[in-house]
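What follows is a set of notes on a single structure, which appears directly below.
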Amino acid sequence: MNDHPNKPRSDSYDAVVIGGGHNGLVCAAYLAKAGKKVLVVERRPVLGGAAVSEETVAGFTFSTFSYVVSLFRPHIIRELDLVRHGLQIIPMETTYNPIRGDKGLVRWADSGRTRDEIARFSPKDASLYPEFGLAMGRLSRFTKNVIDTTAPEPTSLDPRELMKMLRLGRHLKDLDPEMRYLNLKLLTMSAVDFLHEWFESEPLVPSMAGSGIIGTFLGIRSPGTAYVLLHHYMGEIDGAFRAWGFSKGGTGQISIACAKAAESFGAEIVAGAGVDHVKIRNGRAVGVVLENGDEIKAATVISSLDPNRTFLKLVGEKELPGDFVANIRRYKNRGSSGKVNLALDRLPSFKDGRPDISHLKGDITIAPSVDYVERAYDEAKYGEFSKRPFLNIVIPSLSDPSVAPPGKHVLSAFVQYAPYNIREGADKWPEKREAFGEAVIDTIEEFCPDIRECIVGKQVLSPWDIEKITGLTEGNIFQGELSLEQLAFLRPVAEWSRYRSPIRGLWMCGSGTHPGGGVMGAPGELAAKTMLGEGGV
Amino acid sequence: MATDVIVIGGGVNGLTAACYLAKAGREVTLLCEEDSIGGLCATHEFHPGFTSPGVLSDTSMFREWIVKDLSLEEQGLVSEGLSKVAVLGKERRFVLSGDVSQTAEEIGRVSQADAVRYREFAAFYERIRPPVERLLNNVPPNIVDPGTGDLLPLLRYGLALRRLGKKDMLEVLRLAPMTVYDWLDEWFECDELKAALALPAVTESYAGPWSPGTNANLLIRRVTSGRGFKGGATALVEALVSAARGFGVRFETSTGARAIEPGEGVETAAGDILSAKTIVAAFGPKKVFLELMRPHELSHRLEQRIVNFRTRGLCSQLLLAVDGTVSLPGGADRALIADDLDAIEKAFDPVKYGALPDSPCLEVYIPSQQNPGFAPEGKTSVSVLLHYTPYELLGGWTEEAREELTRKVIRILEERIPELRGAVVGAQLLTPRDIEERYGVAGGQIYEGEHALDQLLVRPSPECAMYETPFEGLFLCSGGSFPGGGLTGAPGALASRAVLNRKSRY
Amino acid sequence: MNWKDWAGYHAVVSYQEHHEQEYFAFRHAAGLMDATPLFKYEIKGPDAVYLLNRVMAKDIGKLREGRVTYCCWCDDDGRVLDDGTVSRLGKEHFRVTAAEPFLHWFMLNSRSLNVSIEDITSEYGMLALQGPLSREIIVRAAGEEASSLGFFRLMRASIAGRDVTVTRTGYTGDLGYEIWCRNPDALAIYDTVMDFGRDYRLMPAGLAALDVARVEAGFIMNGVDYFSANHCLTDDRKSTPYELGLGWSVDLDRENFIGRDALKREKEEGSKWRFVGLDIDWDAFEAIFAKFDLPPETPAGAWRTPVPVFGMDGKQIGQATSGAWSPTLKKNLALASLKTGEFRIGDRVQIEVTAEYERKLCPATVSEPMFYNPKRKRA
């Protein structure tokens, strides 16, 4: 998929989308589908942004950054016909939490099996587990309404806005009081406190809580981390994990499918063409200027880059109101995670006494105890990477043989915490990278003693590297922390949560807008639909 | 014995509720052991001749409208002027007070920029005070199961918020879930200043400055802080007691409550039955439901919610008998020792694992400055709140562990308050466990329930959030109810409102 | 042989290709079924009665030692969570069965109580010996004492030299016994009972035969005729004991228990639903199929796909949740939940029937939900 030209065919478009990540491409596809003349410009030669697959080691396809598909909106798959364009999602069915010298804890799609697994640690938790899934399933029906619409604007007196708040209110009203109370707790509590209201057993609580901290600079005991637990239950009612999956051929295939869909509707895509700045005339965006100096005219410019990069680098402070700049400056990016991708000669052994490897096909969480994960955070708060980090490991080659040569494997470890701002300064990351990678492999080695013998190639990515490669400010994978004060009508900043910006003709469509990060596609879609609805393009 | 209302628990909230109810013409009996009058600010002698002011001593958040309603000034209660807190940094020292210009001037000695920012900071809170105050000084709207009666107040809050204008309204919505760390970092550069503003707010919960939601606590503090009283909490309690007597409250101080029979009355520890249709409990919800009632009386849901109400005490109190006088900078009677926000966070880190911090952050209070009788002539009684200490210490709260902690704290104090050097003649340490035992607060949590966002908005549980309980005639009025713990009097006053409104509600 | 998953165990649906022989064994001789997957909890200690009284809708304090009772338990709103039996093995020793895991429920409700709660599901096996000749077999296997074991009583005995508890209970609506034993002993006990039963035409029986028998007996099933309140996404899906015909098992006049207030209110105000039996008019049923030139098609076994039930005026008044062709009664039966006030016992209603891909309405007569109730069950 590196066959995109680096020069556009024309010098004038209805809309130019800056950035060829999945949100930019989704946005472009919707605009093109509506008949607009659209150009996508991507700085890297490869499309996908943080949703990219690359053959970093010969024969091994790494999903370099984003490694699982969680909440990609099903209606986008339908509306853009992404399956016809090659998208295929392979469900992940297990969650495995290894424990040294033990079988560890596996949660299966099969509820009876999961019950037996949990019962080894706490019969009470095992018995209660399905009820938790049910409660989460009920709540996620409400949350879906939030994700799939633009954020309400509480200060507005526009009847449409009031109607929307009323509608949300109605959805909220449809929940019973018990669920509304749970919703309040979920939004404000820490993952650990929230789970402790239900469960007591060590491997279960950290294994579930781990999902609450991914991509954030918070610990599992930090208030506000409970909310993400819900994402695991979206679309599910029985606690199985079918909502999560691998994109066949790597996460980049999602972007490729989106690109093909966009092209099928007539959008044009150029890659290897970075944007130097947004051209602004009389307070209005009129096009972009590429790094090579070429100028492209466009009635509408849409940036899928993060707010910091969009406004402080491509637009420039002097074009913007002071308040807005101040708000963008205090918008928190805070990269907190790194990535270690390994090419493996063979499957390492998890020394867990389990008869086969079926439990390794899903996600493997290194979070043996609540304290372990919290300690990893405590270390990072003061500018160190965690020596014993929380890891979220997947071995996609077990489900998708296309990503590695026969018999060989790809292991991808998402690592937390790796603060962007290390004590020595972010630019010292290149000197720390090796030690960081070793800390990760040491951690894996505690559970897989033979991991080192299996490694034939590796890629270690610090948040500094993530920023360097993808452009994500501070390497934050969600284009900004998903904390309450940066969500909904406050994302990215107050008064500008509706994809518009203070510059007329300049719009936003990245994860830095509502509903936020993750490979969801929702910001791209909602931005496009808002623009089309409001005559913005 | 029969009466209209029994108030159990004689802390500030119990006394306030008793006053309001008696003032409204109810026949009120307050049931509380003599030495527990004052609740968390009940005094006791911790060293011969030296008196402890109790764990809660800051009266600056006691509501002025309650003082007015109950005419407490007639009982001799006098506003003290603006309370002063000395910030004792390693090098930098300054005094914060309720007077903005004075404080800004003080801050100007360490940072000119921060002095300017502080004025804006104070002005911001002043601007947003009305809607927040309105929320905190009324029976909370039921946000979990709003009935038609709740929609109007909710709408009014919404309108009050809107009246702030777009920018401030969005700012209020943005700031509440934030961490104090980020919020204060947006405003100030001086580490000691940030730490001093943050410390009182973060220690109300199981949280450090890095914890989201802590900024709501700061907001509440900033908006509700007033002047405080001469003579401190002791004077406040005395005024409330004499006001109560004036309103005709009968004090039953020979015994405490052993069991509650809603609608019937209270069984005392002495084994007597006190009958009353209405019981107002000024004890934390855990004590009320889980100790004073039998499990089968509770619904499964209520029981689980109360069990899950988080009451993890993380604060210890060290009482020191000091030979000699101690004076703090600027004539303050309080001092804070926390050098920067990270120091507070680092003091919080170890307690999560059951350990003690290397350098606890300290809130020092010298009651004998306000209450000369608290220490013999020429000597000083000092109360220090230690943040943070775990309820359950790894290896247990052994004599050794207590001594080591005491020594550690005295060492820090001697460094910052030179007059203390070699002058400590007696010390008593109250760990969260001791506080639980002495004051009857679950988990030793001195706010009777952590001030986390969910526990502030719905406190302690949806069915009890508006002071009523699922049990006819049983009401809650401790700090475990809205708007939370501390010497505010608000839960007591608002609960009495709920009691008096009950007829119209049914 | 057919298998299916039952609470994480492989359970036999039928030992033969068709379950009919096994069904007839239950009704004419005896059948032996492995019911081990039933969830089993042991509750012991000074506060065991207190706990059970708090959880159960029935007054367990009244249950005497050596007796078994059938009861249900509810959530705070009086909606049924599950139903099962409680056996009082000793003064402070109970055994509870459940269709679903409920360990957490007993544990969560035992705060500050002096009681031990243990999940013995995988440590204990249970064999259901059911049918008119089951008494002869149990007497030969467990001793003469078993012959006088009364309905819903329990006794301790020895089978094949292994300790067992025998209860006179069952899910077939006929004379029957349930044998409770330690898991490792189960196989030997099974073989011994089968040996003794040979002369009485005892057959191994599976779940399919049981399902037909329980429909005839009018026994409700969790997950089929009602859903545990813990699994319902909406309140409408939940059921109360009164709505399920279990009102007789609710003891309201005692200290508070979970759900009491709501149940009291319902008892005073009346229930929304009523659980009933439907006897589907055979001639009409036959006629529907005759129109397509087909013989009447009754399902091979019990069915459990809910179908709507209408009044004679065509208005929907409820749903039938399970049913079966009764080979003994020669009747086409269904169990249904109908809205109270829309019918009376004995009324004619209409049930949806699908014939040759077309939906038709077939008349049926509403009855109490108990089609088969031989005297010997209790005698």
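The values are calculated or read from the model by the stated rules, or taken from the named source; none is laboratory data. What you are looking at is a predicted structure, and each value in this text was computed from that prediction instead of being measured. Heads up, the Cβs are rebuilt from the backbone with ideal geometry, glycines too, and the neighbour counts pull from every protein chain shown. Calculation scope for accessible area: heavy atoms of the full protein, side chains included, ligands and nucleic acids excluded. Shrake-Rupley method; radii C 1.70, N 1.55, O 1.52, S 1.80 Å.
Scaled against 2.2 N^0.38 Å for its residue count N, the alpha carbon radius of gyration of segment B:54-114 is 1.49. Would you give the gap between the C-alpha center of segment C:1-76 and the C-alpha center of segment B:363-431, rounded to a whole Å? Each part's Cα centre sits 62 Å from the other's. Annotation for segment C:215-266 versus segment A:478-537: alpha-carbon center distance of 48 Å. Label zone of residue A:113 (point 7 Å out along Cα→Cβ, amide N under 20 Å): in segment A:352-372 this covers A:352-366. Relative to the longest principal axis of chain A, what angle (0 to 90°, nearest 10) does the C-alpha long axis of helix A:370-381 take? The helix A:370-381 is inclined about 40 degrees to chain A. Ligands, DNA and RNA left out, the accessible area of the protein assembly as shown computed with a 1.4 Å probe is 49% carbon and sulfur. Let me know the shape class of segment A:166-311, please: from the alpha-carbon gyration tensor, a ≥ b ≥ c as square roots of the eigenvalues, rounded when a/c is under 1.5, otherwise prolate if a/b is greater than b/c, or oblate. Note, shape of segment A:166-311 comes out prolate.
Each part reduced to its alpha carbon centroid, segment A:349-378 and segment A:99-174 end up 23 Å apart.
By the equivalent-ellipsoid construction on the alpha carbon gyration tensor, segment C:173-277 comes out with semi-axes of 37, 17, 14 Å, ordered largest to smallest. The gain in end-to-end length when the residue A:34 to residue A:167 segment is fully stretched comes to 45.2 nm, 0.36 nm per residue minus the alpha carbon separation. Helix A:522-533 and the longest principal axis of the Cα set of chain A meet at an angle near 30°.
In Å², nearest 100, what accessible area do chains A and B bury in total when the solvent probe is 1.4 Å? Mind showing how you got there, number by number?
Values: alone 20370 and 20530 Å², together 37350 Å².
Answer for the A-B pair: about 3600 Å² buried.
Taking only the Cα atoms of chain A, the radius of gyration and Dmax are 22.5, 69 Å. Rolling a 1.4 Å probe over the protein heavy atoms gives the protein assembly as shown an accessible area of 37 Å² per residue.
Within the same chain, lysines fewer than 8 places from residue A:351 are excluded, and of the rest, those with a Cα less than 27 Å from its Cα are A:103, A:339, A:361, A:387, A:408, A:458. When peptides B:222-232, B:308-318, C:154-164 are ranked by their average number of other Cβ atoms within 10 Å per residue, the highest-first order is B:308-318, B:222-232, C:154-164.
Determine the shape class of segment B:98-224: with a ≥ b ≥ c the square roots of the Cα gyration tensor eigenvalues, call it rounded for a/c under 1.5, and otherwise prolate if a/b is greater than b/c, oblate otherwise. Cα axes put segment B:98-224 in the prolate bin. Across segment C:36-186, counting alpha-carbon atoms alone, Rg and Dmax equal 15.3, 47 Å. Screening chain B for DSSP H helices whose Cα atoms reach 15 Å or more along their own axis and whose mean Kyte hydropathy is at least 1.0 gives B:232-247.
Sorted by packing (mean other beta-carbon atoms within 10 Å per residue), highest first, where do A:17-24, A:398-405 land? If you can, show how the numbers build up before the last one.
Numbers: A:17-24: 32.0, A:398-405: 17.8.
Ranked from most to least packed, the peptides come out as A:17-24, A:398-405.
When only alpha carbons of segment B:1-142 are considered, Rg and Dmax amount to 20.2, 65 Å. Helix A:177-188 and the longest principal axis of the C-alpha atoms of chain A enclose an angle of approximately 80°.
Residues whose amide H lies under 5 Å from that of residue B:52, counting only those 5 or more places away or on a different chain, are B:44, B:45, B:46; hydrogens are built 1.01 Å from N in the peptide plane. Built from the Cα atoms of segment A:155-222, the convex hull projects on average onto 6.3 nm², one quarter of its surface area.
With distances taken between every two different alpha-carbon atoms, segment A:111-238 has a Kirkwood hydrodynamic radius of 15.8 Å. Dividing the helix sum by the residues of the protein assembly as shown, where each DSSP H run of 4 or more adds -39500 (n - 2.57), gives a mean residue ellipticity at 222 nm of -9000 deg cm²/dmol.
Looking at segment B:203-267, the pairs of alpha carbons with a distance over 14 Å make up 76% of the total. Diffusion coefficient (Stokes-Einstein, Kirkwood radius over C-alpha pairs, 4 °C, 1.567 mPa s) for chain B: 56 µm²/s, rounded to a whole number.
Taking every residue in B:447-456 and counting other chain Cβ atoms within 10 Å of its Cβ, the average works out to 3. Looking at segment A:399-537, the pairs of alpha carbons with a distance over 19 Å make up 64% of the total.
The three principal axes of the C-alpha atoms in the protein assembly as shown carry coordinate ranges of 103, 94, 65 Å, sorted with the longest axis first.
Peptide C:30-41 shows a mean partner chain C-beta count of 0 within 10 Å per residue C-beta.
For segment C:273-375, what value does the Rg/Rh ratio take when both radii are computed over Cα atoms and Rh is the Kirkwood radius, given to two decimals? Don't skip to the end; give the middle numbers.
Values: Rg = 13.0 Å, Rh = 13.7 Å.
On the Cα set of segment C:273-375, Rg over Rh gives 0.95.
Evaluating 6.51 cos²θ - 1.76 cosθ + 1.60 at θ = phi - 60° for every residue in segment C:113-127, the Karplus couplings come out as 9, 8, 7, 10, 10, 10, 7, 10, 3, 8, 8, 10, x, 9, 10 Hz, glycine and proline recorded as x.
Shape call for segment B:185-302 from the C-alpha gyration tensor, a ≥ b ≥ c root eigenvalues: rounded (a/c under 1.5), prolate (a/b greater than b/c) or oblate? Cα axes put segment B:185-302 in the oblate bin.
Need one value for C:90-98: mean number of C-beta atoms belonging to other chains within 10 Å of its residues' C-beta atoms. It would help to have the intermediate numbers written out before the result.
On the way: counts 0, 0, 0, 0, 0, 0, 0, 0, 1.
Mean number of neighbouring Cβ atoms from other chains: 0.
Here, P(r) means the percent of Cα pairs in each 10 Å bin from 0 to the largest distance; for chain C it is 5, 23, 31, 26, 12, 3, 0. With the biggest extent put first, the Cα atoms of segment C:156-230 measure 41, 30, 18 Å across the principal axes. Close amide-amide hydrogen proximity is noted between residue A:90 and A:246, A:247, A:248, each under 5 Å apart and 5 or more residues distant or on a separate chain (H modeled in the peptide plane; Pro and chain starts excluded). In plain terms, if you count all Cα to Cα distances in segment A:400-454 and split them into 5 Å steps from zero, the share in each step is 4, 15, 21, 19, 16, 13, 8, 3, 1 percent.
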